[in-house]
Amino acid sequence: MRVFVAAEIPAPIRRELAGLRERMPAAPGLRWVRSEGIHLTFRFLGESGQDRVELLRGTLPGPVSLLPPIPVRFERLGTFPPAGLPRVFWAGLAGDLAALSALAVCVESAVVACGWDPESRPFHPHVTLARASSPAAGACLRKGLSADPAWTREWPGRAMDFIVSELTLFESHLGPGGARYTALGAFPLGAPGERP
């Protein structure tokens, strides 16, 4: 099973983010994430055995329920790496980032307790919009971003606010048309004010 822990993004916001593709020049090797594949991933776990996945399903609800829902918003765009030819085009979050980081720590603790290795990279709250699989695609992505300064500014007048109120354990099924996702479990955050 290829699994990950993520928060779902409301469908109207996913469509808005996916629509950014229309403002970018087309390029071979520039692969856009489909609207249904846009998630706020807290931990990618990769290929995992059924027993360990079941253990995580039983472990994660308790600590997650102790944290309150988290108000956030999308307000900027960027790339990894930030300089040179980009490989990933992303939308970044603002809002209660301290609470998002606390949630990421909670997820990481549960994951490690269930037997996965610790994550070596720091949590960076973002969603991936596109990946450049060639230097030409990266150059096209960089050109498209630099040609339109609005890419790096806020999106005025657009409803990009939402609340992270639940985490989902997803299984990813890879196929020729792209990945498909199956929810294996949902873990609601607690009520506002119920900080541990």
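The values are calculated or read from the model by the stated rules, or taken from the named source; none is laboratory data. What you see is a predicted model, and the numbers here were worked out from it, not measured in a lab. With ideal geometry, Cβ positions are generated from the backbone for all residues, glycine too; neighbour counts draw on all protein chains shown.
Looking at ARG131 and the list (1) modelled with pLDDT under 95; (2) surrounded by fewer than 18 Cβ atoms within 10 Å (Cβ to Cβ), which single condition is not satisfied?
Going through (1) modelled with pLDDT under 95; (2) surrounded by fewer than 18 Cβ atoms within 10 Å (Cβ to Cβ) one by one, ARG131 breaks only (2).
Has segment 118-126 got any residue that is in a loop (DSSP other than H, G, I, E, B) and more than 28 Å from ILE13 (Cβ to Cβ)?
yes
Can you tell me which residue among GLU119, GLU108 is surrounded by 16 or more Cβ atoms within 10 Å (Cβ to Cβ), among the charged types (D, E, K, R) and under 18 Å from GLU166 (Cα atoms)?
Only one candidate qualifies: GLU108.
Out of the residues in segment 104-128 meeting the condition of being small (Gly, Ala, Ser) and more than 15 Å from ARG52 (Cα to Cα), tell me which one is modelled with the highest pLDDT. Before you say what the answer is, go through the steps one by one.
Kept after step one, since they are small (Gly, Ala, Ser), are these residues of segment 104-128: 104, 109-110, 113, 115, 120.
When the remaining residues are screened for being more than 15 Å from ARG52 (Cα to Cα), the result is 104, 120.
Numbers: ALA104: 98, SER120: 93.
Out of the qualifying residues, it is ALA104.
Contact list please: Cβ distance under 9 Å, first residue in segment 1-28 and assigned to a helix (DSSP H, G or I), second residue at pLDDT below 85 and surrounded by 16 or more Cβ atoms within 10 Å (Cβ to Cβ), pairs at least six apart or on different chains.
Every condition considered, the pairs that remain are GLU16/TRP155; LEU20/LEU77; LEU20/TRP151; ARG23/GLY144; ARG23/TRP151.
May I ask you to verify whether ARG23 is basic (Lys, Arg) and under 26 Å from ALA102 (Cα atoms)?
No.
Consider LEU66 carefully, then state whether it is surrounded by fewer than 17 Cβ atoms within 10 Å (Cβ to Cβ) and not charged (D, E, K, R).
Answer is yes for this residue.
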